[in-house]
Amino acid sequence: QVQLVESGGGLVQAGGSLRLSCAAHGSTFTINAGGWYRQAPGKQRELVATINSDGSTNYLDSVKGRFTIFTDNAKNTMYLQMNSLKPDDTAVYYCNANGLTQIGILFHPGDYWGQGTQVTVSS
């Protein structure tokens, strides 16, 4: 059973920083690629950042230059570094990762979601 466990959310003043973590636990799952999404009250979930298997990244226009997505393969963890936070960044942030789980000599693809972590930016 694979679980993505998120941490790092909280309350911060505008201009501050937070680092979200998304750690893969259980089985022998290896993150291949993934992304961070967010959903503010009354709004649709939106894609904030993605990282591909080759390390290339993409960002929502409103967070470019402020947010950075990266992975630590040794820790099997994906991160979202958020700087210069704005009140409009307030939302529940979710991580999503896909990769392979090794069972015996076989590798099984999988796609998983974290439980979500609240980020609140005060003005």
How big is the chain in terms of Cα radius of gyration and Dmax, in angstroms? 14.6, 53
Rh by Kirkwood over Cα pairs, then Stokes-Einstein D for the range 43-85 at 0.692 mPa s and 37 °C, µm²/s: 291 µm²/s
Give the distance, in whole Å, between the Cα centre of the range 6-24 and the Cα centre of the range 45-109. 13 Å
Note, ASN96: beta-carbon cut-off 13 Å, +1 each Lys/Arg, -1 each Asp/Glu, net -1
Probe 1.4 Å, all chains present, heavy atoms only: ARG19 accessible area in Å², nearest 10, is 120 Å²
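Please give the length that would be gained between ASP111 and THR30 if that part of the chain were fully extended, namely 0.36 nm times their separation in residues minus their C-alpha to C-alpha distance (nm, one decimal). Mind showing how you got there, number by number?
On the way: separation 81, 0.36 × 81 = 29.16 nm, distance 1.09 nm.
This chain segment gains 28.1 nm when fully extended.
The values are calculated or read from the model by the stated rules, or taken from the named source; none is laboratory data. Just so you know, these numbers come straight off a predicted model, no measurement behind them. Ideal geometry is used to build each Cβ from the backbone, glycine not excepted, and the neighbour counts take in all protein chains shown. Each accessible area value is taken on the protein alone, full model and side chains, heavy atoms only, with ligands, DNA and RNA left out. Shrake-Rupley method; radii C 1.70, N 1.55, O 1.52, S 1.80 Å.
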